[in-house]
Every structure is written in structure tokens, then in C-alpha cells.
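Participant: Let me begin by handing over the structure; questions about it come next.
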Amino acid sequence: MMPWREQLETEGFVLLPGLFAAEEVRIAIAEWNEIQHQHAANEAILASENGPAYGARNLLQLWPRVMALARPLCDPLREVLGDRAGVVRVLFFDKPPGHSWALPWHKDYNIAVVEHGVEGTFTKPTTKAGVPHVMAPFSLLTTMLTARVHLDDVTAQNGPLRVIPGSHRFYHTGEDETRAVVAIHCRAGDVLLMRPLLTHASGNSQPDVGCHRRIVHLECATSHLLPDGYRWHQFEPLGEVERIGRNFETVASRAQNE
């Protein structure tokens, strides 16, 4: 089997199994359910009319303890991104039973910033849930890393992520080499590391599936610095991630012993 670091660099993704125990996953789901209830009216909670939430933005603000989910990843993140790395954006995705959705093939280009500035290195300014975003260049996106923490088993039935191996080496989908598509099937507690430029898509869950497909999506960068005077909307160093993670592990340990 190819070493995980080699697979990440050559294929653009790698699955790290079993990083979270069942109790840690259960606590994370319970915390998310509470956060979702508290902030149901916030524009950062994405929900269809009269339907359950299918996603959320701005989790670093809505759910600060979400950074605890990055703690088991600190060593791999440092190995790939260096000692000055940090978490810059966290999203949440769900495919609730009876309320699925799909996304076509795409790459992740947008980053969250403090404010829009001069266009050049960064382009296509937008605002998402009150937060300025810009389209980042190849030079930045190739240094970033995304960690997708799975809170549910992912099977062929509940809309798995599909990826094109090696596509992270190209900025536009039209440049991608023809490769066999890989569907990411995994267990709750597994973590997928992927490069933002990895071309990926997501299909609908099957209509009769009665389970969720909940994922916490953490975007990470090599440092707090950005070119052209831009600043990350939020940058949480790995040292802070580890501090919050230790508190989370204490809560999980107490719950397991009760």
C-alpha cells in the first residue's frame, strides 16, 4: 500500500481511518445538533424551506469547539503544511434522510477573507453568509489542505464524494487528465485529506436511505500570511487547535466512563 503522504501528493487525496472513536463522534453530533438549534435563524445555517439543515458556514464563529475535531490531525497537518499552519474555514455538510442534494464536478477555489481588496492575485469577490470571499490563485490553493471529518458511515447509498485522482495538479477541470473516478466509502470517525484543487462531485442519496451523511469540512493553510494585503477571515493556529482538542478529549473520556 502506498504511504499516506505519497498518496496525498500523487493522487491529491488520502483516507485516514479511525481517527475518532465512536464516543467522540457521538459527542460531536450532539454538539452540532445543539448549535444548529441555537442558530436556526442565522443565515450561516443552510436549510431548504420547511426542511432540515443540509449545511452550514462560519462554523469557527458558530461552533468554536469544532476546532477540537482537528486535534488528531495536527501531526499530519504539520507534516504537510509546516509548523505555522492553521485552520482558516470550517463548513458543515449533511444529506438528511429524504432531503438529499448533489453537486457537479468542481474544484474548491474560494477562501474567506476579512474584506475585499484590489483584484489581481485574488478575483471574483463574493459574500457568503455575511463573510467576504475571493477566488484564490493556483499558487495558494496548491499549498492548502482540506480535512473532511466523517460523522456517519459513507456508502454507495448515501451520496459519497467522488474524486478524480491526480486532478489537483491542474487549476481548471478542463485540464484534468482522464482517470478512473474513485468513490470515497468510509466509516464514521474516518478523515479524508484532500487538496482543494482535486476535482470532485457528490451525488444524491438513494430515496429509501434512512441515514444522514454528516461531514465537518476543515480548510487549512500554511500560515496566517496572504499576498496583496489580504487577511484570512479567521486563522486558528494548530497550537490553539490542540488546546481546545484536549478539552474535547476530556469531555469524551468522562462520558465514556459514566
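The values are calculated or read from the model by the stated rules, or taken from the named source; none is laboratory data. Just so you know, these numbers come straight off a predicted model, no measurement behind them. Here the Cβ positions follow ideal geometry from the backbone for every residue, glycine too, while neighbour counts run over all protein chains shown. All accessible areas refer to the heavy atoms of the entire protein, side chains included, with ligands and DNA or RNA removed. Shrake-Rupley method; radii C 1.70, N 1.55, O 1.52, S 1.80 Å.
Participant: Can you tell me which of (1) part of a loop (DSSP other than H, G, I, E, B); (2) open to solvent by less than 30 Å² (accessible area, probe 1.4 Å); (3) among the aliphatic types (A, V, I, L, M) is the one ALA41 doesn't meet?
Facilitator: Going through the list (1) part of a loop (DSSP other than H, G, I, E, B); (2) open to solvent by less than 30 Å² (accessible area, probe 1.4 Å); (3) among the aliphatic types (A, V, I, L, M), ALA41 breaks only (2).
Participant: Quick one: is LEU73 in contact with an Asp or Glu (Cβ under 8 Å, 6 or more places away or on another chain), closer than 21 Å to HIS185 by Cβ and of a type in the set (A, V, I, L, M)?
Facilitator: Taking the combined requirement at face value, the residue does not satisfy it.
Participant: Can I ask one more? Taking region 126-147 as the region of interest, how many residues are exposed (fewer than 15 other Cβ atoms within 10 Å of the Cβ) and on the phi > 0 side of the Ramachandran plot?
Facilitator: So the count comes out to 1.
Participant: Let me ask you something else. Before we move on, is GLN36 free of Cβ contacts under 8 Å to residues at least 40 places away in the same chain, among the polar types (S, T, N, Q), open to solvent by less than 60 Å² (accessible area, probe 1.4 Å) and over 25 Å from PRO137 (Cα atoms)?
Facilitator: Judged against the criteria, GLN36 is a match.
Participant: Quick one: in region 43-64, of everything that is charged (D, E, K, R) and more than 15 Å from the chain's Cα centre (by Cα), which residue is farthest from ARG5 (Cα to Cα)? Explain how you work it out, then say what you get.
Facilitator: So in region 43-64, the residues charged (D, E, K, R) come out as 43, 49, 57.
If we keep only those that are more than 15 Å from the chain's Cα centre (by Cα) too, we end up with 43, 49.
Working: GLU43: 37, GLU49: 42 Å.
Only one residue fits best here, namely GLU49.
Participant: Quick check on my filter: what residues within region 218-258 are of a type in the set (A, V, I, L, M), surrounded by 14 or more Cβ atoms within 10 Å (Cβ to Cβ) and at pLDDT below 65?
Facilitator: Taking region 218-258 first, the residues of a type in the set (A, V, I, L, M) are 218, 221, 225-226, 238, 241, 244, 251-252, 255.
If we keep only those that are surrounded by 14 or more Cβ atoms within 10 Å (Cβ to Cβ) as well, we get 218, 221, 226, 238, 241, 244, 251-252.
Within region 218-258, VAL251, ALA252 meet the criteria.
Participant: Report every pair of residues separated by at least 6 positions or lying on different chains whose Cβ atoms are under 9 Å apart, first residue within region 169-188 and closer than 22 Å to HIS212 by Cβ, second open to solvent by 90 Å² or more (accessible area, probe 1.4 Å).
Facilitator: If the second residue must be open to solvent by 90 Å² or more (accessible area, probe 1.4 Å), the pairs left are CYS186/PRO17; ARG187/PRO17.
Participant: Also, I was wondering about something else. Test each condition in (1) in a helix (DSSP H, G or I); (2) surrounded by fewer than 20 Cβ atoms within 10 Å (Cβ to Cβ); (3) in contact with a Ser or Thr (Cβ under 8 Å, 6 or more places away or on another chain) for ARG179 and report the one that comes out false.
Facilitator: Among (1) in a helix (DSSP H, G or I); (2) surrounded by fewer than 20 Cβ atoms within 10 Å (Cβ to Cβ); (3) in contact with a Ser or Thr (Cβ under 8 Å, 6 or more places away or on another chain), ARG179 violates only (1).
Participant: A further question follows. Looking for something modelled with pLDDT of 95 or more, buried (at least 16 other Cβ atoms within 10 Å of the Cβ), over 27 Å from GLY12 (Cβ atoms) and not charged (D, E, K, R) - is there at least one such residue anywhere in region 150-158?
Facilitator: So far as region 150-158 goes, no, none of its residues is modelled with pLDDT of 95 or more, buried (at least 16 other Cβ atoms within 10 Å of the Cβ), over 27 Å from GLY12 (Cβ atoms) and not charged (D, E, K, R).
Participant: Here is a follow-up. For the structure I just gave you, tell me whether ARG162 is in contact (Cβ under 8 Å) with a residue 40 or more places away in the chain, open to solvent by 80 Å² or more (accessible area, probe 1.4 Å) and farther than 13 Å from GLY12 by Cα. If you could, list the steps in order and put the result at the bottom.
Facilitator: Working: in contact (Cβ under 8 Å) with a residue 40 or more places away in the chain: yes; open to solvent by 80 Å² or more (accessible area, probe 1.4 Å): yes; farther than 13 Å from GLY12 by Cα: no.
So ARG162 fails the test.
Participant: Kindly establish whether GLN7 is polar (S, T, N, Q), over 23 Å from GLN157 (Cβ atoms) and open to solvent by less than 60 Å² (accessible area, probe 1.4 Å). Spell out how you get there, then give the answer.
Facilitator: Working: polar (S, T, N, Q): yes; over 23 Å from GLN157 (Cβ atoms): yes; open to solvent by less than 60 Å² (accessible area, probe 1.4 Å): yes.
In short, yes.
Participant: Starting from residues that are of a type in the set (Val, Ile, Thr) and at pLDDT 95 or above, keep the ones in region 166-212 and report whichever is nearest to the chain's Cα centre (by Cα). Outline the logic, then answer.
Facilitator: From region 166-212, those of a type in the set (Val, Ile, Thr) are 173, 178, 181-182, 184, 191, 199, 209; that's our starting set.
Restricting the remaining residues to those that are at pLDDT 95 or above gives 173, 178, 181-182, 184, 191, 199.
On the way: THR173: 20, THR178: 25, VAL181: 20, VAL182: 18, ILE184: 14, VAL191: 10, THR199: 15 Å.
Checked region 166-212; the qualifying residue nearest to the chain's Cα centre (by Cα) is VAL191.
Participant: Has region 46-60 got at least one residue that is open to solvent by less than 50 Å² (accessible area, probe 1.4 Å), over 23 Å from GLY159 (Cα atoms) and in contact (Cβ under 8 Å) with a residue 12 or more places away in the chain?
Facilitator: Yes, region 46-60 contains a residue that is open to solvent by less than 50 Å² (accessible area, probe 1.4 Å), over 23 Å from GLY159 (Cα atoms) and in contact (Cβ under 8 Å) with a residue 12 or more places away in the chain.
Participant: Inside region 68-82, can you point out the residues that are open to solvent by 10 Å² or more (accessible area, probe 1.4 Å) and in contact (Cβ under 8 Å) with a residue 40 or more places away in the chain? Please lay out each step first, then the result.
Facilitator: Applying the first criterion (open to solvent by 10 Å² or more (accessible area, probe 1.4 Å)) to region 68-82 yields 71-72, 75-76, 78-82.
Those that are open to solvent by 10 Å² or more (accessible area, probe 1.4 Å) and in contact (Cβ under 8 Å) with a residue 40 or more places away in the chain: ARG71, PRO72, PRO76, ARG78, GLU79, VAL80, LEU81, GLY82.
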